[in-house]
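S.K.: Take a look at this one; I'll ask things after.
Read-outs: derived from the displayed coordinates by stated rules, not from any lab. Note that the structure is predicted; figures quoted are calculated from it, not measured. Neighbour counts are summed over all protein chains in view; Cβ atoms, including those assigned to glycine, are modelled from backbone coordinates with ideal geometry.
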């Protein structure tokens, strides 16, 4: 019976459709035309008075890949333990536009997230293009998590466009060829590391324990020279902590700029 269960587990294909939770129901897509990309269904939800009370919102926008000015790495450790965090990237464009790309476990209406279930082919992987007033505001203001937003070090400005294109291409691909989320090997942080290694092979070791214990992933990024700071990790976290700024600013049009003000 155990052998039969293992066989079924490892041959189970990830579903392409399902009764998804509201925030995962409509996937983001990207259409490339030369040096420009139109991103559709950018998620812009609000979550109040409780996180489960979703207020759906979406928009579409065209971006010029040559106008990306900075990349930001966000880490939000889960309050219930000191081991795991959600991490994602945001891309800052000329003119003060920001777009986040968050990699998550796509859950159905009757599912809740469990790291243990995440090792057993329970959730498909999904890439979501999101407004920071959705993905960051929710973590800082609704969950009251400790959220850190770090500048990414770019040796060559063109890397930002390559990374953005790479992630959006995978976002599209998962809608045709779904893959499983895995709490250790295919989570938000390890997927970001995979994209980094596509551009700079071997930059991040796939055996780094911080890819599994993701609350320390910012320390890993600092160690490998991926963050644009020379501060030690404790002072870095102090400088780039944004929860209090997010609570102070609230849901305003200039939210992304305000939480980055030093």
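S.K.: Using a Gaussian network model of the chain whose springs link C-alpha atoms within less than 10 Å, name the residue from 119, 171, 138 with the highest mean-square fluctuation.
M.R.: 119
S.K.: Please compute the modelled spin-label separation between residue 53 and residue 70, points set 7 Å along Cα→Cβ, answer in nm with one decimal.
M.R.: Result: 3.4 nm between the two label points.
S.K.: Order of 87-98, 224-235 by packing, highest average Cβ count within 10 Å first?
M.R.: 87-98, 224-235
S.K.: Using Cβ contacts closer than 10 Å as the measure, can you line up 176, 252, 71, 135 from fewest to most?
M.R.: If I rank by nearby Cβ atoms, fewest first, I get 176, 252, 71, 135.
S.K.: Here's another thing I want to ask about it. I need 156, 64 ordered by Cβ neighbour count within 10 Å, fewest first.
M.R.: Sorted ascending by nearby Cβ count, the order is 156, 64.
S.K.: Now, a different point. Express the Stokes-Einstein translational diffusion coefficient of the chain in µm² s⁻¹, to the nearest whole number, given a Kirkwood radius over alpha-carbon pairs, 37 °C and a viscosity of 0.692 mPa s.
M.R.: 174 µm²/s
S.K.: Kindly state, as a whole number, the per residue volume in cubic angstrom of the convex hull around the alpha carbon atoms of the stretch 96-184.
M.R.: 142 Å³
S.K.: Need one number: nm distance between label points at residue 175 and residue 198, each 7 Å from Cα along Cα→Cβ, rounded to one decimal.
M.R.: About 1.7 nm separates the two model spin labels.
S.K.: For the chain, what does -39500 (n - 2.57) per DSSP helix run (n ≥ 4), summed and divided by total residues, give at 222 nm, in deg cm²/dmol to the nearest 500?
M.R.: -8500 deg cm²/dmol
S.K.: How would you rank 154, 174, 168, going from fewest to most other Cβ atoms within 10 Å of each one's own Cβ?
M.R.: Placing the least packed residue first, the sequence is 154, 174, 168.
S.K.: Gaussian network model of the chain, Cα springs within a sub-10 Å range: biggest mean-square fluctuation belongs to which of 185, 207, 241?
M.R.: Taking springs between Cα atoms under 10 Å, the residue moving most is 207.
S.K.: Does the stretch 170-262 classify as rounded, prolate or oblate by the C-alpha gyration tensor (a ≥ b ≥ c root eigenvalues; a/c under 1.5 gives rounded; else a/b over b/c gives prolate, otherwise oblate)?
M.R.: Verdict is oblate for the stretch 170-262.
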